[in-house]
Amino acid sequence: MIITKKALPRRTVLRGIGATLALPLLDGMVPALSAIRQTPARGMRRFGVLYVPNGMAMQHWTPTGDGTAFDLSPILQPMAPFRDRTLVLTGLNPGPGGGAHAGASTKFLTGVAGRRTDGAEIESGPSIDQLLARELGRYTQLSSLELALDGRDFAGTCDAGFSCAYTNTISWRTDTTPLPMENDPRVVFERLFGDSDSTDPAVRRARLAEDRSILDSVTEKVAELERGIGPDDRRKVDQYLDAVRDVERRIQRAEEQSTRDLPLLQQPAGVPSTFEAHMRLMFDLQLLAYQTDLTRVVSFMVGREISGRTYNEIGIPDAHHPLSHHLDDPAKIWTMSKINTFHVSLFAEFVDKMRSTEDGDGSLLDHSLLLYGAGMSNSNAHAPVNLPVMLVGGAAGGLDGGRHLTYPEDTPMANLLLAIMDKLGVPLEQIGDSTGTLDVLSV
Amino acid sequence: MTRGLCVLLMTCAGIVGLASPEPAARGLAQGAAQPPTTSPPVSARVTAHRGVLDRYCVTCHNERLRTAGLALDAMDVARVDGGAEVWEQVVRKLRAGAMPPPGRPRPDADTAAGLISYLETQLDRAAAAGPMPGRTEAFHRLNRAEYQNAVRDLLAVDVDVSGLLPADDADAHGFDNMADVLTVSPALLDRYLSAARKISRVAVGIAPTAATIETYRIPLLLYQDDRLSEDLPFGSRGGIAIRHRFPVDGDYSIKLRLQRTYTDYIRGLGTPQHLDVRVDGRLVRRFTVGGGAPPDAKAVPASFAGNTPLFGDPEWEVYVLEADNDLEVTFPARAGHRVVGVSFERKLWQPEGVLQPRQTGFPLAINERWDGNAAVSSVEIGGPLTVDGPGDTASRRTVFACHPNRGADEVRCARDTLARLARRAYRRPVTDHDVDVLLRFYEERRRTEGFEAGIQLALQRMLVDPEFIFRVERDPVDIAPGAAYPVSDLALASRLSFFLWSSIPDDELLDLAIRGELADAAVQERQVRRMLADPRASALVDNFVGQWLLTRNVATVTPDPIAFPTFDENLRAAFRRESELFVASIIGDDRSVVDLVDADYTYVNERLARHYGITGVYGNRFRRVTLRDRRRGGVLGHGSLLTVTSYPNRTSPVLRGKWVLENLLGTPPPAPPPDVPPLPERGRGGEPVSGRALLEQHRENPVCAGCHAPMDPLGFALENFDAIGGWRTSDARAPIDASGALPTGAQFEGPSGLRRLLVADPEPLVRTVTEKLLAYALGRGLEYYDYPTVRRITRNAAATDYRWSSIVLGIIESLPFQMRSTGS
């Protein structure tokens, strides 16, 4: 249990708390967060990605009708209350290559197919969430947060010929550094609030100073080790140094902001036992991260590609991946679509909370841009065309929702990545196989 | 260097046949390793081989078509060394019988064998002439398991690192100790900083800043009707034995919660039962649960089925909802690892009446089992509530070898301590500069908080040092790029210990390396045998085998409870234990690697024996049994493997066949093509077909047959094992047909037939194990120039019937393990 200002007497800790998992409801925490008022007048933009695996039952995803007069499909029904903030996009292509499943997760935010390798020299391209984090993360303690629901504690191979590093993540810090996605809420909590078991500013400051001095010493050591290292071997050392620099920057930021009061919080004890509870808890942490401005960029993988998760809670005992190979049987496609709808409904709960959270002169949803989608469309054929994607949020006045937009064949998904960068104020010329910034018919 | 020359000589000797007796000829060309001086026989054979290629291969693999990127008409079969990479691929396909593809004309077995033998000999000869040891990563990060073991061996403290560090990515081989995928990210570094702080504080015995609660949960489906652990007393049932670390001497509290229905009623409260809490075997408290319902209070109807608004009397409700409120005890404990045992006293009576089937799903969720057994749902261990001192733990004894009084004594002691620990942590002799760096941190903390706290901060710095987190191998300065050099003794010591123990070298190994004695082959062999006999070699079972046999996945499989109501957590645990004990016996008894597939024994306890249909086994303890019927035997009969290669509600011959191909035969199938057309659900006449018949359609379509023809039959042979490894003779639709036929013509029936096929020619099996083990040992994937090494090791091991130690020693002595190529 974490209390501001000082630790509880030991006996109090044990009374009836045990190891609860849920965070308290988040209304009522905002008054303590003065940092929110310090935002630049333009509106502080947040970015979030939600990735779902194993494609989509496109027959039940694609809305009928175009422009503003479209009907929400069965899978998109849960988004009905937020229709005015939702843009459904049809016809975007991630491009070929990179493996059936490995390509799906790798290309989604990078536009670049991963290099075909069992493990030596994995390579893709930087992902837009990390490109945004480099800019937006200058103002926050954490440049970005990567969340997932699947752990990596399994043996075996992933997509044939492609290292598991490709299917385990959608975020690439550089073209050779895939980022681990954290599935344990307790660890995410610690990443956000540190492991000092206390939100007492003095204790946290001491902790930060300790880490900083250790990192300084370590950097000297690496410089010594680097002498006599050839270009082939630099890659890992550079990764290490990059990590050191990032953590140092975070410490510096944290020290600058260490006088801020943090809300009363219970640390989650671990991974919840049901999928729903897990997903809701991760969303709560994401919301908290936005609210406390600890980060403005969050990417969340609902499941790893080739996920074999079963969804017994909605009556589906079959593993997701084999079910996604439905052989064009309408009954199986309908069953799979229930999984897709389930994911969207949990996402809609999150969107609702974003909408009800005050953020300066609007709501968090008004100032955010959320990308929801899958890296392939027809799962049976691993089709890398016409991805199911939607943009949700106001992007601080930059996005007009309530429309279904269909793009001509061969429009690269990477063009949407450029549009997103543009909306968030970090324009980019080119990424992956992009041919120009996508026009999303908004401001 | 002597060692390099020895390796070369041994390789040459291997080719000429001195050290490697050929296995019994099966059509292999006699005297395959002829010296090149006698020309006529060689060129006649070469012409014959060229003819074979032209006749069976070049139709597709030519310059114009370039099928699979291969143009065999342009390759010179007389000069194999010019295209070793391609020829190695050819050999692999030929050995697998995958090429020519099914349906195309193939050479007869003798001709094919002759070509394979010729190519392999030439490739081995080329490798001997120009040895390429390959290049391991210069900075190879420790993975999570290695980090945990390193901390254990350095500081004598067992910390569960899975809560402190993220899991590592596995590469395509399925191993998570491959240098290339062990990247470093800011998130990871953050965790290293945090882990270093926690671990160093624990090792030194610094009291935690606040009391914490550690919760141990027991899954619902772990049935608590029998004794569950060797650490719990005889005559007990259920509960859990926890190996808990008490950070300091002091008072701690334990709180128990009992298992409930989904409406929160506690189960099994009809009769009084004793619930004991023990610490290191000593009884701390005995609770009585159950039998305390107020006598006249009306209970909820037994057919309650969770339907509100039915309730019992309020007094009854209160009892059944709150009976475990007071299961809490506070007691003093000494610092260190202790076994906390929570268990019921077992009552030896059987329920009367008609035996009920095991319940799953909703009935299980609502059943209060009023007259049945209560069960523990979680144990919370909290503390320290008071701190009496750091205590006398193994880690404190390890860290604090000297206890200084004050002043100069302290600095000298600090210096000695940090030098001693840094030597083990960095795996090399330490310099004054190394110690000075650590001393700076010691001094800073010592000023405000004393000697022990100073040591703690220095340890914290040590655990984040790149030379702890990475295994560093640097090229010597005076060697040309692309040349091969023998790795240093220190590097060799680390390679040995990370291979066999997944941990840092111990003092004995490190001393030998520092003295320069590890280069000697006899010394190495002695060390290897010592290390294999050491308990730390269990890491080989946990890590290599856990990933090769996928036993790590047993923890996360979720068999469908409707299809398999008998699957419970007791069985899950038993699956894991069986495989661990079995492989440990192969390694420990130094048995043949072939026994992995063809053993006539396994390890079972009562739960597993019941699942397998083996009679006469009682109790929770695992014991070795000889298998009378040969259905099971070897890993292909292990519940663990059979379950992880199935889906939650059905078997998959494809997944199982793929596993056999990849992990026993070394011929993994390529990726499926992008546009897999749908298979019709029904047969030609519209009748429903069996699972097997559906898959048979794979083979009618030539596009699919290329991969599925060699793969599916292997899985069909195992169809008698259902999705949780139980034996069956029919599935939902039809009797099981477990016969199979491979494109090579081989036919077999059932698991024993498959086993016989695999061990009739054990070479592919041994080679595959050797390949996997070599990749695991090197921490890099194998390249084409490593295959001659694999062949050599396999050949040499044949003399000892492929004993495990021969394979391991073969790997240790091999070129890529002993030497390294410089960068370009």
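The values are calculated or read from the model by the stated rules, or taken from the named source; none is laboratory data. Since the model is a prediction, treat every value here as computed from it, not as a measurement. Cβ: placed from backbone, ideal geometry, glycine included. Neighbour counts: every protein chain shown. Accessible surface is based on the protein model in full, side chains and every heavy atom, while ligands, DNA and RNA are left aside. Shrake-Rupley method; radii C 1.70, N 1.55, O 1.52, S 1.80 Å.
Which is under 29 Å from residue B:240 (Cβ atoms), touching a residue at least 24 places away in the same chain (Cβ under 8 Å), of a type in the set (A, V, I, L, M, F, W, C) and open to solvent by less than 80 Å² (accessible area, probe 1.4 Å), of B:375, B:414, B:422?
Among B:375, B:414, B:422, only B:375 is under 29 Å from residue B:240 (Cβ atoms), touching a residue at least 24 places away in the same chain (Cβ under 8 Å), of a type in the set (A, V, I, L, M, F, W, C) and open to solvent by less than 80 Å² (accessible area, probe 1.4 Å).
Among (1) of a type in the set (Gly, Ala, Ser); (2) within 14 Å of another protein chain (Cβ to nearest Cβ); (3) more than 27 Å from residue B:180 (Cα to Cα), which single condition is residue B:114 missing?
Of the numbered conditions (1) of a type in the set (Gly, Ala, Ser); (2) within 14 Å of another protein chain (Cβ to nearest Cβ); (3) more than 27 Å from residue B:180 (Cα to Cα), the odd one out for residue B:114 is (2).
Quick test for you: out of B:358, B:428, B:369, pick the one residue that is on the phi > 0 side of the Ramachandran plot and assigned to a loop (DSSP other than H, G, I, E, B). Don't jump to the end; show me each part of the working.
Numbers: B:358 fails: on the phi > 0 side of the Ramachandran plot; B:428 fails: on the phi > 0 side of the Ramachandran plot.
Just one listed residue meets the conditions, B:369.
Just checking, which of A:159, A:150 is touching a residue at least 40 places away in the same chain (Cβ under 8 Å) and either more than 9 Å from every other protein chain (Cβ to nearest Cβ) or farther than 23 Å from residue A:56 by Cβ (or both)?
Exactly one of A:159, A:150 is touching a residue at least 40 places away in the same chain (Cβ under 8 Å) and either more than 9 Å from every other protein chain (Cβ to nearest Cβ) or farther than 23 Å from residue A:56 by Cβ (or both), namely A:150.
What residue, among those in region A:331-340 that are free of Cβ contacts under 8 Å to residues at least 60 places away in the same chain and open to solvent by 10 Å² or more (accessible area, probe 1.4 Å), is farthest from the other protein chains (Cβ to nearest Cβ)?
Initial filter on region A:331-340 (free of Cβ contacts under 8 Å to residues at least 60 places away in the same chain): A:331-332, A:335, A:338-339.
Subsequent filtering for residues that are open to solvent by 10 Å² or more (accessible area, probe 1.4 Å) retains A:331-332, A:335, A:338.
Working: A:331: 10, A:332: 10, A:335: 13, A:338: 17 Å.
Per the criteria, the residue is A:338.
Among all residue pairs at least 6 apart or on different chains, which show Cβ distances below 6 Å where the first residue, located in region B:391-405, is in contact (Cβ under 8 Å) with a residue 40 or more places away in the chain and the second is open to solvent by 50 Å² or more (accessible area, probe 1.4 Å)?
Matching pairs, first to second residue: B:391/B:334.
Return only the number of the condition from (1) out of contact with any Gly (no Cβ under 9 Å at 6 or more places or on another chain); (2) modelled with pLDDT of 95 or more; (3) not in a loop (DSSP other than H, G, I, E, B) that residue A:51 does not satisfy.
For residue A:51, the exception is condition (1).
Would you mind telling me which numbered condition in (1) more than 8 Å from every other protein chain (Cβ to nearest Cβ); (2) open to solvent by 20 Å² or more (accessible area, probe 1.4 Å); (3) part of a loop (DSSP other than H, G, I, E, B) residue B:201 fails?
Only one criterion is unmet by residue B:201, namely (3).
Conditions tested, residue by residue: (1) open to solvent by less than 20 Å² (accessible area, probe 1.4 Å); (2) touching a helix residue (DSSP H, G or I) at 6+ places or on another chain (Cβ under 7 Å); (3) at pLDDT 85 or above.
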| residue | (1), (2), (3) |
| --- | --- |
| B:144 | no, yes, yes |
| B:147 | yes, yes, yes |
| B:153 | no, no, yes |
| B:170 | yes, yes, no |
| B:179 | yes, no, yes |
| B:182 | yes, no, yes |
| B:189 | yes, yes, yes |
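Confirm whether residue B:94 is over 30 Å from residue B:426 (Cα atoms), open to solvent by 20 Å² or more (accessible area, probe 1.4 Å), out of contact with any Phe, Trp or Tyr (no Cβ under 8 Å at 6 or more places or on another chain) and free of Cβ contacts under 8 Å to residues at least 40 places away in the same chain.
yes
Tally time: how many residues in region B:173-198 are part of a loop (DSSP other than H, G, I, E, B) and either over 15 Å from the mean Cα position of the chain (by Cα) or free of Cβ contacts under 8 Å to residues at least 40 places away in the same chain (or both)?
Initially, region B:173-198 is screened for residues part of a loop (DSSP other than H, G, I, E, B), giving B:173-178, B:182-185.
Adding the requirement that they be either over 15 Å from the mean Cα position of the chain (by Cα) or free of Cβ contacts under 8 Å to residues at least 40 places away in the same chain (or both) leaves B:182-185.
Residues that pass the stated criteria total 4.
So if I check each of B:161, B:248, B:151, which one is more than 24 Å from the chain's Cα centre (by Cα) and within 30 Å of residue B:442 (Cα to Cα)?
B:248
For region B:503-521, which positions are crowded, with 20+ Cβ neighbours inside 10 Å and touching a Lys or Arg at 6+ places or on another chain (Cβ under 8 Å)?
Matches in region B:503-521: B:503, B:504, B:505, B:510.
Which is in contact with a Ser or Thr (Cβ under 9 Å, 6 or more places away or on another chain), under 22 Å from residue B:360 (Cβ atoms) and among the small types (Gly, Ala, Ser), of B:290, B:268, B:238?
Values: B:290 fails: under 22 Å from residue B:360 (Cβ atoms); B:268 fails: in contact with a Ser or Thr (Cβ under 9 Å, 6 or more places away or on another chain).
Result of the check over B:290, B:268, B:238: B:238.
Output the number of residues of region B:621-646 satisfying the condition of being farther than 16 Å from residue B:580 by Cα and among the polar types (S, T, N, Q).
The number of residues fulfilling the criteria is 3.
For a quick check of your reading of the model, give me the residue pairs whose first member lies in region A:290-308 and is without any contact (Cβ under 8 Å) to a residue 24 or more places away in the chain and within 13 Å of another protein chain (Cβ to nearest Cβ), whose second is surrounded by fewer than 24 Cβ atoms within 10 Å (Cβ to Cβ) and not in a loop (DSSP other than H, G, I, E, B), with beta-carbon atoms closer than 8 Å and at least 6 apart or on different chains.
From region A:290-308, the pairs are A:308/A:320; A:308/A:321; A:308/A:322.
For a quick check of your reading: which strands (runs of 3 or more DSSP E) sit entirely within region B:204-272 and have at least 2 residues that are buried (at least 16 other Cβ atoms within 10 Å of the Cβ) and among the hydrophobic types (A, V, I, L, M, F, W, C)?
Because the criterion is at least 2 residues that are buried (at least 16 other Cβ atoms within 10 Å of the Cβ) and among the hydrophobic types (A, V, I, L, M, F, W, C), the strands (runs of 3 or more DSSP E) in region B:204-272 that meet it are B:236-246, B:249-258.
For residue B:175, indicate whether it is touching a strand residue (DSSP E or B) at 6+ places or on another chain (Cβ under 6 Å) and either open to solvent by 10 Å² or more (accessible area, probe 1.4 Å) or on the phi < 0 side of the Ramachandran plot (or both).
no
Evaluate the following for residue A:323: is it closer than 25 Å to residue A:102 by Cβ, within 10 Å of chain B (Cβ to nearest Cβ) and surrounded by 20 or more Cβ atoms within 10 Å (Cβ to Cβ)?
Taking the combined requirement at face value, the residue satisfies it.
Six or more apart or on different chains, Cβ atoms under 6 Å: show the pairs whose first residue is in region B:152-167 and within 22 Å of residue B:397 (Cα to Cα) and away from chain A (no Cβ under 12 Å) and whose second is of a type in the set (Gly, Ala, Ser) and in a loop (DSSP other than H, G, I, E, B).
B:153/B:503
Report, ordered by the first and then the second residue, all pairs with beta carbons closer than 6 Å, sequence separation of six or more or different chains, a first member in region B:510-535 that is outside any helix (DSSP H, G or I), and a second member that is open to solvent by 70 Å² or more (accessible area, probe 1.4 Å).
Short answer, once both residue conditions are applied: none.
Being surrounded by fewer than 17 Cβ atoms within 10 Å (Cβ to Cβ) and more than 9 Å from chain A (Cβ to nearest Cβ) is the filter here; which residues of region B:440-451 pass it?
Filtering region B:440-451 down to residues surrounded by fewer than 17 Cβ atoms within 10 Å (Cβ to Cβ) leaves B:440, B:443-444, B:447-450.
Across region B:440-451, the qualifying residues are B:443, B:447, B:448, B:449, B:450.
Could you say which residue among A:79, A:56 is at pLDDT 50 or above, within 26 Å of residue A:363 (Cα to Cα) and away from chain B (no Cβ under 14 Å)?
A:79
Scan region B:740-750 and give yes if some residue there is farther than 19 Å from residue B:645 by Cα, surrounded by fewer than 23 Cβ atoms within 10 Å (Cβ to Cβ), of a type in the set (A, V, I, L, M, F, W, C) and modelled with pLDDT of 90 or more, otherwise no.
yes
Give me the residue from region A:50-78 that is aromatic (Phe, Trp, Tyr) and closer than 21 Å to residue A:101 by Cα and, out of that set, nearest to the chain's Cα centre (by Cα).
That would be A:51.
If you take the residues of region B:97-138 that are open to solvent by less than 10 Å² (accessible area, probe 1.4 Å) and touching a strand residue (DSSP E or B) at 6+ places or on another chain (Cβ under 8 Å), which of them is farthest from residue B:486 (Cα to Cα)?
Only one residue fits best here, namely B:138.
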